[in-house]
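Novice: Sharing a structure, written as structure tokens. Questions coming.
Coordinate-derived values only; no laboratory data. Keep in mind the model is a prediction, meaning the values are calculated, not measured. Cβ placement follows ideal geometry from the backbone for every residue including glycine, while neighbour counts extend to all protein chains displayed.
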Amino acid sequence: MNGVSGRMGYRQHLVRSILAIREQGGVLLADGETRVQVEPILVGRSERKLADLAAKHGLEHWTTNLDEALADPRWQVYADFLVTKARAAAIRKAIAAGKAIYTEKPTAESFDEALELARLADEAGVKNGVVHDKLYLPGFQKLRRLIDSGFFGRILSVRGEFGYWVFEGDWQPAQRPSWNYRAEDGGGIIVDMFPHWNYLLENLFGRVESVYARAVTEIPERLDERGERYAATADDAAYAIFDLAGGITAQLNSGWTTRVNRDELVEFQVDGTHGSAVVGLFGCKIQPRNATPKPVWNPDLYDEHDYATDWIEVPTNDVFENGFKTQWEEFIRHVVEDAPNRYDFLAGARGVLVAQEGLRSSAEGRRIDIPQVTLDSGSDATEPALAAEASGSEASGSEASELAGAR
Ligand SMILES: NC(=O)c1ccc[n+]([C@@H]2O[C@H](COP(=O)([O-])OP(=O)(O)OC[C@H]3O[C@@H](n4cnc5c(N)ncnc54)[C@H](O)[C@@H]3O)[C@@H](O)[C@H]2O)c1
């Protein structure tokens, strides 16, 4: 587990996933009886931090020498939670060492590099997976249920709001690491959030076919972890429109410079001909067609109707575990007994492509088409017209059926 002292590495991957899996006696395999236990080795740059973490959680193995850990056949899976900038180099080493690899998103800083990692992993025959955690959130699992049940009729549009105020660091410390606000260190809200938006959209509604985005640095200067002033060079707000396969329009706002006036930090409204839903991390409420009020626009009359009460809460009806843990269990089953895994490096590369093209859209002030991506896509994949027209805009091979299946 490389980068285990970081925010994600520690809380979500070590404590909430791997330690929780150990506590329950391992990952249950398909036969419903056999369990595979996990033994982590903590990898990082600071001996002190690793020793403290190992002692705190009663763990035996830690090292500051990644190469040695990779050369040791006892460790079967390389997991990466490093800052984005450091990821690709470490993953290349893990591929060369023949390890199965599970990583945080984004898999790389550029689409070419992300695709190269997917290709290298494929050629080396190493199993690979990328975090798709938002799909496992209770709210989005309820949304998937609604879609599968045909609740929406024809889905028309998706509107999403994600964000909250991240303090500048002057009179209150910032609640996110400062590298997120420096483009040169792999920061930026588009690079951070568009990979999430891409896998949510492609797995729930349809492939992202084009993006129009406006990326803005609303707060140009912040204070870092040491209280030192720095230039915030990365985008901290992004306003975007995605055209999805099947004619669905998704509008998603992402911001670290907005104050929350919603039930949850992320909220999507999905409107369909037969009903609408509003989902968050946990909650999901619906309004079916036959319980839809009939507002009449009249600015001269105060409207006393309480629209919030028109919605019905969708019951949980299930036990939703931490999404990071659930996906870890799926990945371990993939490694151990070849269980299916759709969320691989190629899926990760599609997310990086949408982020990259979102930034390009903003820089050039225009909508950009997103081509289909396969392991054979060249860097001309980012020249949309070429790739799409050459293939007759047809989805290529397994990816298309995979996505169709997912819908
Ligand atoms: N899935 C999600 O919801 C989600 C949320 C936040 C962040 N992330 C991703 O997780 C990754 C880590 O983010 P974080 O917020 O935990 O960051 P963090 O700064 O808290 O942790 C980063 C880790 O990388 C290590 N590191 C930093 N620079 C390094 C270098 N040059 N070489 C080797 N190691 C280095 C740090 O020591 C630390 O362990 C990022 O890629 C980010 O995009 C994912």
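Novice: Do any trypsin sites (Lys or Arg not before Pro) in the stretch 234-311 lie in a DSSP loop with no more than 11 other beta carbon atoms within 10 Å, and if so, which? Write down the numbers at each step before the final one.
Specialist: Working: sites: Arg259, Arg262, Lys285, Arg289; in loops: Arg259, Arg262.
Loop-located and lightly packed - Arg259.
Novice: In degrees between 0 and 90, to the nearest 10, how far off the longest principal axis of the chain does helix 138-148 point, with axes built from Cα atoms?
Specialist: Once rounded, the angle reads 60 degrees.
Novice: Of Lys49/Lys127; Lys285/Lys325; Lys99/Lys134; Lys85/Lys325; Lys85/Lys285, which pairs sit farther than 28 Å apart, going by alpha carbon to alpha carbon? Provide the component values of the computation, followed by the final result.
Specialist: On the way: Lys49/Lys127 30 Å; Lys285/Lys325 25 Å; Lys99/Lys134 26 Å; Lys85/Lys325 25 Å; Lys85/Lys285 38 Å.
Violating the 28 Å limit, Cα to Cα: Lys49/Lys127; Lys85/Lys285.
Novice: Same structure, new question: Counting only helical runs of four or more DSSP H residues, what would the 222 nm mean residue ellipticity of the chain come to if each run contributes -39,500 (n - 2.57) and the total is spread over all its residues? It would help to have the intermediate numbers written out before the result.
Specialist: Working: 11 runs with 126 residues, N = 407.
Using -39500 (n - 2.57) per qualifying helix, the result is -9500 deg cm²/dmol.
Novice: Tell me the label-point distance for the pair Leu281, Val260, using the 7 Å Cα-to-Cβ offset, in nm and rounded to one decimal.
Specialist: My value for the distance between the label points is 0.7 nm.
Novice: If you plug each phi of the stretch 214-228 into the Karplus form 6.51 cos²θ - 1.76 cosθ + 1.60 with θ = phi - 60°, what whole-Hz ³J(HN,Hα) values come out, in order, with x for Gly and Pro?
Specialist: 10, 9, 9, 9, 6, 10, x, 9, 9, 10, 8, 4, 9, x, 8
Novice: Highest GNM mean-square fluctuation, the chain, Cα pairs closer than 10 Å: which of Thr233, Thr292, Thr374?
Specialist: With Cα springs under 10 Å in the chain, the top fluctuation among Thr233, Thr292, Thr374 is at Thr292.
Novice: Report, to two decimal places, the Cα Rg of the chain normalised by 2.2 N^0.38 Å (N = number of residues).
Specialist: Numbers: Rg = 22.0 Å, N = 407, 2.2 N^0.38 = 21.6 Å.
Compactness ratio reported: 1.02.
Novice: Direction-averaged shadow area of the convex hull around the Cα atoms of the stretch 137-313, nm²? Write down the numbers at each step before the final one.
Specialist: Values: hull surface 49.8 nm².
Mean shadow area of the hull around the Cα atoms is 12.4 nm².
Novice: Please work out the FRET efficiency for the pair Tyr230 and Glu23, using the Cβ-Cβ distance as r and a Förster radius of 51 Å; give the result to the nearest 0.05.
Specialist: On the way: r = 40 Å, r/R0 = 0.79.
Computed FRET efficiency for Tyr230 and Glu23: 0.80.
Novice: In nm, to one decimal, how far is the Thr64 label point from the Asp300 one, both placed 7 Å along Cα→Cβ?
Specialist: 7.7
Novice: Same structure, new question: Would you mind pulling out the separation of the Cα centroids of the stretch 146-206 and the stretch 296-332, in Å?
Specialist: 17
Novice: Find how much the distance from Glu33 to Gln269 grows on full extension, using 0.36 nm per residue of separation minus their present alpha carbon separation; answer in nm with one decimal.
Specialist: On the way: separation 236, 0.36 × 236 = 84.96 nm, distance 4.03 nm.
Residue separation times 0.36 nm, minus the Cα-Cα distance, leaves 80.9 nm.
Novice: Loop-only trypsin sites (Lys or Arg not before Pro) in the stretch 321-372, please: DSSP not H, G, I, E or B, and at most 12 other Cβ atoms within 10 Å.
Specialist: Within the stretch 321-372, the qualifying trypsin sites (Lys or Arg not before Pro) (loop, at most 12 other Cβ atoms within 10 Å) are Arg366.
Novice: Further, regarding this structure: GNM, the chain, Cα, under 10 Å: largest mean-square fluctuation among Asp31, Asp185, Asp67?
Specialist: Asp31
Novice: Under a 10 Å cutoff between Cα atoms, tell me which one of Tyr343, Tyr78, Tyr199 has the largest fluctuation in the Gaussian network model of the chain.
Specialist: It is Tyr343.
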